[in-house]
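The values are calculated or read from the model by the stated rules, or taken from the named source; none is laboratory data. Here the structure is a predicted model, which means the values were calculated and not measured. Counting neighbours? That spans all protein chains shown, and the Cβs are built from the backbone with ideal geometry, glycine included.
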């Protein structure tokens with residue numbers, strides 16, 4: 001059994017008010033539902049990161065990172081471990097060697113997109129409409145509008161929180177596939193390098209404007225985590241859900257969006273159990289109607305295997 005309370009106490013002794021004990025984890029996600037974590041540590045520079053890593057290394061305490069919380073559903077029971085939230089220095093963006101961009105894990109994807117276009121670079125315009133951060137985008141090989149991180153990622157700066165070791169990992173070693181990498185919850189992405197191409201700033205601005213307009217017209221706002229299920233081969237998860245009769249399906253405080261069927265909306269003051277149940281019922285509808293079993297894109301935290309049929 002791990003000594004979570006003892007580890008949290010040591011973190012507080014090391015970092016003081018940068019550590020929030022009994023943190024409202026769910027509130028830091030875009031669903032804004034779910035329980036609390038044993039602690040959340042705000043890390044804004046390399047020194048504090050080193051202290052956190054050395055404190056956690058070898059303890060066995062559950063740990064995970066959170067950026068903008070845009071692809072997470074936290075169980076109502078919460079997470080019995082430590083959340084590491086990067087900020088400060090880790091939101092930086094720098095263009096070096098003309099076409100190489102260094103971006104911190106906390107840098108927002110739309111900001112990176114606009115910054116690179118402003119420097120006359122092309123290849124990252126797609127990210128202007130993705131409500132996430134660089135760290136999460138590397139971890140899940142985020143993408144959209146025909147592009148994804150693997151198209152431009154050169155390497156990632158990764159800390160193994162189990163061992164306290166920091167390594168530059170080439171993109172080729174991350175097993176980047178559709179919404180997948182080999183990084184685990186114990187791996188903290190602190191930054192990356194992107195290789196882009198020279199482009200025309202005006203054209204880049206036009207491309208980004210079109211992306212933003214499309215997303216506003218086709219995707220809902222409010223409390224959601226973006227696409228819930230990955231697209232099967234040669235199919236659209238949203239279209240499959242809609243044709244199976246899933247659009248508008250509601251369970252308690254959660255509902256399949258009337259605007260886009262691969263989005264689930266959570267009511268203010270709702271519960272994560274309702275969101276999960278909508279996911280389960282949508283999968284059943286699509287499997288019955290089309291014989292296709294949808295796989296979740298949303299990362300679920302704190303749920304048991306028995307609660308998630310795709311793990312049983």
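Kindly indicate whether residue 62 is outside the structural domain of residue 200 (by TED's automatic domain parsing), touching a residue at least 60 places away in the same chain (Cβ under 8 Å) and surrounded by fewer than 23 Cβ atoms within 10 Å (Cβ to Cβ). Let's see the steps before the verdict.
Details: outside the structural domain of residue 200 (by TED's automatic domain parsing): yes; touching a residue at least 60 places away in the same chain (Cβ under 8 Å): yes; surrounded by fewer than 23 Cβ atoms within 10 Å (Cβ to Cβ): yes.
Yes: the conditions hold for residue 62.
Would you mind finding the one in 248, 252 that is surrounded by fewer than 17 Cβ atoms within 10 Å (Cβ to Cβ), within 30 Å of residue 36 (Cα to Cα) and in contact with a helix residue (DSSP H, G or I) (Cβ under 7 Å, 6 or more places away or on another chain)? Break it down into steps so the answer makes sense when it comes.
Values: 248 fails: in contact with a helix residue (DSSP H, G or I) (Cβ under 7 Å, 6 or more places away or on another chain).
The unique qualifying residue is 252.
Scan the range 162-186 for residues that are touching a residue at least 60 places away in the same chain (Cβ under 8 Å), under 18 Å from the mean Cα position of the chain (by Cα) and on the phi < 0 side of the Ramachandran plot and report the count.
Looking only at that region, the number is 2.
So which of 128, 95 is under 19 Å from residue 207 (Cβ atoms) and more than 17 Å from the chain's Cα centre (by Cα)?
Numbers: 128 fails: more than 17 Å from the chain's Cα centre (by Cα).
None of the other options fit; the residue is 95.
In the range 187-225, what count of residues is obtained for those that are crowded, with 16+ Cβ neighbours inside 10 Å, in a loop (DSSP other than H, G, I, E, B) and more than 22 Å from the chain's Cα centre (by Cα)?
2
Looking at this structure, is residue 39 crowded, with 23+ Cβ neighbours inside 10 Å and closer than 20 Å to residue 160 by Cβ? Reasoning before the result, please.
Values: crowded, with 23+ Cβ neighbours inside 10 Å: yes; closer than 20 Å to residue 160 by Cβ: yes.
In short, yes.
If residue 107 satisfies every condition in (1) surrounded by 24 or more Cβ atoms within 10 Å (Cβ to Cβ); (2) more than 25 Å from residue 298 (Cα to Cα); (3) touching a strand residue (DSSP E or B) at 6+ places or on another chain (Cβ under 7 Å) but one, which is the exception?
Tallying (1) surrounded by 24 or more Cβ atoms within 10 Å (Cβ to Cβ); (2) more than 25 Å from residue 298 (Cα to Cα); (3) touching a strand residue (DSSP E or B) at 6+ places or on another chain (Cβ under 7 Å), residue 107 fails exactly one: (2).
With respect to the numbered conditions (1) farther than 22 Å from residue 148 by Cα; (2) modelled with pLDDT under 95; (3) buried (at least 18 other Cβ atoms within 10 Å of the Cβ), which one is the sole condition not fulfilled by residue 305?
That leaves (3) as the condition not met.
Residue check: is residue 23 outside the structural domain of residue 127 (by TED's automatic domain parsing) and either modelled with pLDDT under 95 or closer than 30 Å to residue 257 by Cβ (or both)? Steps first, answer last, please.
Details: outside the structural domain of residue 127 (by TED's automatic domain parsing): yes; either modelled with pLDDT under 95 or closer than 30 Å to residue 257 by Cβ (or both): yes.
Yes: the conditions hold for residue 23.
Out of all the residues in the range 228-243, which are surrounded by 21 or more Cβ atoms within 10 Å (Cβ to Cβ) and in contact (Cβ under 8 Å) with a residue 40 or more places away in the chain? Write out each step before concluding.
We begin by selecting, within the range 228-243, every residue surrounded by 21 or more Cβ atoms within 10 Å (Cβ to Cβ); these are 228-229, 237-238, 240-241.
Across the range 228-243, the qualifying residues are 228, 229, 237, 240, 241.
Can you list residue pairs whose Cβ atoms sit under 8 Å apart, with the first residue in the range 198-215 being more than 16 Å from residue 115 (Cβ to Cβ) and the second being part of a helix (DSSP H, G or I)? Count only pairs 6 or more apart in sequence or on different chains.
Qualifying pairs under 8 Å: 214/129; 215/129.
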